[in-house]
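Engineer: Quick one: the structure is below, questions incoming.
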Amino acid sequence: MISTGRSPKSSAVSPCSEFSIYRNNAFFDPFPTNLTRCRALEYLDLNTDSLVGEVPDKLTPLSKLDTLYLFENNFTGPILPSIGNLSSLTVIGLGRNGFQGRIPEEIGRLKNLTFLQVGDTNLTGEILESIYNLSLLTFITFAGNQIHGTLLLQLGHLLSNLETLYLGGNLLTSPFPNSLINASALQNLDFAYNNFTRLVQSDLGRLGGLFWLNLNGSRLRTGHPDDLDFLPSLVNYMGLQTLGIDTNGFKGTLPDSVTNFSTQLSLFLMKTKSMGPSLLALEI
C-alpha cells in the first residue's frame, strides 16, 4: 500500500494493490495519471479535497480495481463511459465533485457493484434502466443532483438487496415505487424534495428494518382524507429513529396510534395546514 499527501509526479509507480492520498488542502493537483501503471491496483482512495480537473480516460488498464473512491474533490467534466470497463469494481464513490452530464449507461455493466455514490455533483438526465440490473447493490445515492424522470415501479423487485437508497434533492416526478416493500433489508430511505405523484402505500411497515425515512417535501399528497393512512403501519418499527413527512400538504387526521411510535424515534418532522381537529401534540 502507498499512502501520500501529494499526487505522485514520477514516471513510474511502485507495484501496489492499494493507493491512498490523505486529505491535504494545501495542494491542488490533477488526477495522478501515473497510477495507471500500477496494474495490480485493487483499492484507489483519492478522498483529498484537493484534486482538480477531469478524470482522464486512462483507467482501463486497472482491470483488478475493486474500489474507486474519488469522493469530495474538485473534479469536473463527465463521468467517463470507460468506467464500465473496470469489471472488478464493487465500490464507486464519486460524490461531492463538480461532474457534469449524465450518469453513463456503461455503469450498468458492472455486475459486481455493491456501492454507488454519486451524490452532490451536478449530474442531470435520468436514472438509466441499466442501473436497475445491478442486483447486488446495497447502497445507492444520487441525492443532491438534477436528475429527473421516473423510477421503475419494479425498483424493489430488481434491487432487492438495497440497504440504503438516497434520492433526495432531485427533480424526480415518479409515482412512489410501492415495490420497495420487497427490499426487506432496507434501512435508510430518502426521497425528500422531489415531485413524487402517489401516496405512500399503507403497508410500508413491512420494511421492518427501516430506521431512517425521509419523505419531506416530496409532494405525496392526494388531497384525500386518507393521506396519512400509511403512518399506523410504521408504529411497530422497533428501530425507526427518524421520520420526516414535512411539507407534503397531507390532508386528514393524524392517527391516534402515532403515540405508540417506538421509543427509539428521536425525530419526527411534519408540518401541514390541512390537518383534522384531532391533531395530537407529540413530544419526540
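Engineer: When both residues are 6+ apart or on different chains and their Cβ atoms are under 7 Å apart, which pairs have a first residue that lies in region 98-123 and is touching a residue at least 12 places away in the same chain (Cβ under 8 Å), and a second that is part of a helix (DSSP H, G or I) and hydrophobic (A, V, I, L, M, F, W, C)?
Structural biologist: As it stands, the answer is PRO104/ILE83; GLU106/ILE83; ILE107/ILE83; ILE107/ILE131; GLY108/ILE131, since those pairs meet every condition given.
Engineer: Among the candidates PHE176, PHE250, which residue alone is in contact with a Lys or Arg (Cβ under 8 Å, 6 or more places away or on another chain), part of a loop (DSSP other than H, G, I, E, B), at pLDDT 80 or above and over 20 Å from ALA143 (Cβ atoms)?
Structural biologist: PHE250
Engineer: Moving to a separate point now. I want to confirm something. Restricting to region 218-246 and keeping residues that are of a type in the set (Ser, Thr, Tyr) and surrounded by fewer than 18 Cβ atoms within 10 Å (Cβ to Cβ), which single residue is modelled with the lowest pLDDT?
Structural biologist: THR222
Engineer: Check region 214-231 and report whether any residue there is over 23 Å from GLY108 (Cα atoms), touching a residue at least 12 places away in the same chain (Cβ under 8 Å), not in a loop (DSSP other than H, G, I, E, B) and not acidic (Asp, Glu).
Structural biologist: yes
Engineer: Could you check, for region 18-36, whether at least one of its residues is modelled with pLDDT under 70 and either surrounded by 16 or more Cβ atoms within 10 Å (Cβ to Cβ) or closer than 21 Å to LEU89 by Cα (or both)?
Structural biologist: There is at least one residue in region 18-36 that is modelled with pLDDT under 70 and either surrounded by 16 or more Cβ atoms within 10 Å (Cβ to Cβ) or closer than 21 Å to LEU89 by Cα (or both).
Engineer: Another one. Only one of THR114, THR164 is at pLDDT 95 or above and over 24 Å from THR60 (Cα atoms); which?
Structural biologist: Going through THR114, THR164 in turn, the sole match is THR164.
Engineer: Moving on. Check every one of the strands (runs of 3 or more DSSP E) wholly within region 63-104 and list those with 1 or more residues that are basic (Lys, Arg).
Structural biologist: 98-102
Engineer: Residues in region 248-258: is at least one among the hydrophobic types (A, V, I, L, M, F, W, C), buried (at least 18 other Cβ atoms within 10 Å of the Cβ), closer than 26 Å to LEU116 by Cα and in contact (Cβ under 8 Å) with a residue 24 or more places away in the chain?
Structural biologist: No, region 248-258 has no match at all.
The values are calculated or read from the model by the stated rules, or taken from the named source; none is laboratory data. Computed from a prediction, not measured in an experiment: that's the story for all the values here. For neighbour counting, all protein chains shown are included, and Cβ atoms are generated from backbone atoms with ideal geometry for every residue, glycine included.
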